[in-house]
Amino acid sequence: MTTLSEGPAETAVPQPSGVKRLLARLQMAHGRKLAIALPYLWLILLFMLPFLIVFKISFSEIARAIPPYSDLVSWADGQLSITLNLANYFQLTDDPLYFEAYLQSLQVAAVSTLCCLALGYPLAWAVAHSKPSTRNILLLLVILPSWTSFLIRVYAWMGILKNNGILNNVLLWLGVIDQPLTILHTNLAVYIGVVYAYLPFMVLPIYTALTRIDYSLVEASLDLGARPLKTFFSVIVPLTKGGIIAGSMLVFIPAVGEFVIPELLGGPDSIMIGRVLWQEFFNNRDWPVASAVAIIMLLLLIVPIMWFHKYQNKAAEDHS
């Protein structure tokens, strides 16, 4: 008589302790909230807190060569008093230098953004429509300059644009010019430097938008008799509007406060707000006025940021 042997006894699965169960429940309940709170904490520590410090200094009394830490809010004898020194902001309206710096910064940023768009869109189109084997290489070539120090790249342009630099030597050798052109330390050099530095920030968002296009819409437009140029402006450009706006914001916003490029490539006429900030902070040691200049610049930049945020929300509603 054959007897069936019983299999091995099942091992008991260890049950989590009470503390572990409590931690697991807390993680499930508050993990989402914690994940959402971390970016806000990052923004508060790295943006809002420095902004509030600069905002506070902008209302302090002028104390040259020392950081002004005067109290704006004080409590004495049971009364709360707030002291705001608006002289720093009034000084910005009295001296036309600041208005000229703001105006020229916005002009340089706007023109550079348009130049980056004019150069970046064809480049992004070429990368998006290249062979898959060469697409990654082209993207690498677009990103590769960013791996080098920003300061070194600007210094390289000084060597290219100077009177005996590479550009003038090539033009003289080709017979295009008879004497060297004065490009370095001019506004033209500033435009060249800004466009070169921020061109990848325009190319990459447009490239991403081009790769997401449903090209059956393009084929339908061509089949219905639309010319290629009309198809481009009526079909392709609207479909890549998000990439164009994102790239424009990535170029325009940092270009407004640019300091290194106008300082090294620009001349005495290249008065941008970044140079004025540097002079007020480190040359004049006038921290309150410099903080007021920075606050006004941030307020100017909030306008395109809010407009871009509104566009994103509208685009999200249209897709949903």
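One Cα centroid belongs to segment 170-225, the other to segment 243-282; the line between them spans 20 Å.
Distance between the modelled labels on MET158 and GLU263, one decimal in nanometres: 1.1 nm (7 Å Cα→Cβ projection).
Span-like helix criteria (full DSSP H runs; alpha carbon extent of at least 27 Å along the helix axis; mean Kyte-Doolittle hydropathy of at least -1.0) are satisfied in the chain by 18-43, 96-128, 187-211, 287-319. The chain: longest stretch without exposed GluC sites (Glu not before Pro) (DSSP loop, at most 14 other Cβ within 10 Å), sites themselves excluded? Looking at the chain, 62-320 is the longest stretch - no exposed GluC sites (Glu not before Pro) with at most 14 other Cβ atoms within 10 Å. Working note: Debye formula, equal point scatterers on the alpha-carbon atoms of segment 95-285, no solvent; log10 I(q)/I(0) at q = 0.11 Å⁻¹ is -0.63. Its Cα centre serving as origin, the chain has a Cβ charge dipole (Lys and Arg +1, Asp and Glu -1) of approximately 840 debye. One quarter of the surface of the convex hull around the alpha-carbon atoms of the chain equals 36.3 nm², the direction-averaged projected area. Here LYS310 is the anchor, and the lysines within straight C-alpha reach of less than 19 Å, apart from those fewer than 8 places off in the same chain, are LYS241.
Of the chymotrypsin sites (Phe, Trp or Tyr not before Pro) found in segment 40-132, those in coil by DSSP whose Cβ has at most 13 other Cβ atoms within 10 Å are TYR69.
Rule-based calculations on the coordinates, nothing more; no lab input. What you see is a predicted model, and the numbers here were worked out from it, not measured in a lab. Every residue, glycine as well, gets a Cβ built from its backbone with ideal geometry; the counts of neighbours run over all protein chains shown.
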